[in-house]
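Data first, discussion second: the structure below is written as structure tokens.
The values are calculated or read from the model by the stated rules, or taken from the named source; none is laboratory data. Values in this document were obtained by computation on a predicted structure and should not be read as measured data. Here the Cβ is made from the backbone with ideal geometry for all residues, glycine too, and neighbour counts use every protein chain on show.
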């Protein structure tokens, strides 16, 4: 379920309390007003014998630039993340960064301008509309993936169906129905994003142990700092 509040994804790097707030929420959202409206929508659907879907967002921070590939179609990280998210049950759409909204505006309102911080010896971005991915590789900005989950198909108010033996119209069998599984899907989405990024990290840096892998990453970060 989407969150109306805009929270700077960079805050996840330094603010563990933000994560604690998320886990303390019954629906895993950061906006109390939005959570109240979501609960009301779920309650109304329950009373109607219906179900609701929604959108979950996963944000990965602290990534090095350059994970993925801009030349191999099957290694483009945005494609791999989309496949991973769409493999989750009932997920029907995925967007990275501004996603669908980016298709409705001009390029000058979509692309993230590049700057340079001389004091910090680092290239910068004033915005992150691309969601941390450009050309199939990470930019170093927070990586933002959203997945849209359709309402669960098992309703207490049974939909029309057909008896497979008689071929006559018959109501669907109702065994059980969760009203909304979006918060649970968000946990799975985080796991799928993390596993996909871990694969990309191992592809780029290799290593037979975590210590070796982290040493490779540290050398890479030091190399980037030279520019």
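Being touching a helix residue (DSSP H, G or I) at 6+ places or on another chain (Cβ under 7 Å) and in a helix (DSSP H, G or I) is the filter; apply it to the range 203-219 and report the residue that is nearest to residue 121 (Cα to Cα). Among those residues, the one meeting the criterion is 217. No other residue among 147, 84, 103 is surrounded by 17 or more Cβ atoms within 10 Å (Cβ to Cβ) and not in a strand (DSSP E or B) apart from 84. The condition of being within 22 Å of the chain's Cα centre (by Cα), modelled with pLDDT of 90 or more, crowded, with 16+ Cβ neighbours inside 10 Å and assigned to a helix (DSSP H, G or I) does not hold for residue 45. The test for being without any contact (Cβ under 8 Å) to a residue 24 or more places away in the chain and surrounded by fewer than 18 Cβ atoms within 10 Å (Cβ to Cβ) holds for residue 168.
When you scan the range 123-130, do you find a residue that is under 15 Å from residue 63 (Cα atoms), part of a loop (DSSP other than H, G, I, E, B) and in contact with a strand residue (DSSP E or B) (Cβ under 9 Å, 6 or more places away or on another chain), even just one? Checked the range 123-130: at least one residue is under 15 Å from residue 63 (Cα atoms), part of a loop (DSSP other than H, G, I, E, B) and in contact with a strand residue (DSSP E or B) (Cβ under 9 Å, 6 or more places away or on another chain).
When residues in the range 44-85 are screened for being within 14 Å of residue 186 (Cα to Cα) and either out of contact with any strand residue (DSSP E or B) (no Cβ under 7 Å at 6 or more places or on another chain) or free of Cβ contacts under 8 Å to residues at least 12 places away in the same chain (or both), 1 of them pass. Residue count for the range 128-141 satisfying the condition of being more than 15 Å from residue 70 (Cα to Cα), touching a helix residue (DSSP H, G or I) at 6+ places or on another chain (Cβ under 8 Å) and crowded, with 21+ Cβ neighbours inside 10 Å: 1. Among residues that are crowded, with 18+ Cβ neighbours inside 10 Å and not in a loop (DSSP other than H, G, I, E, B), residue 94 is included.
One residue stands out among those in the range 154-196 that are part of a helix (DSSP H, G or I) and in contact with a strand residue (DSSP E or B) (Cβ under 6 Å, 6 or more places away or on another chain): the one that is nearest to residue 51 (Cα to Cα), which is 182.
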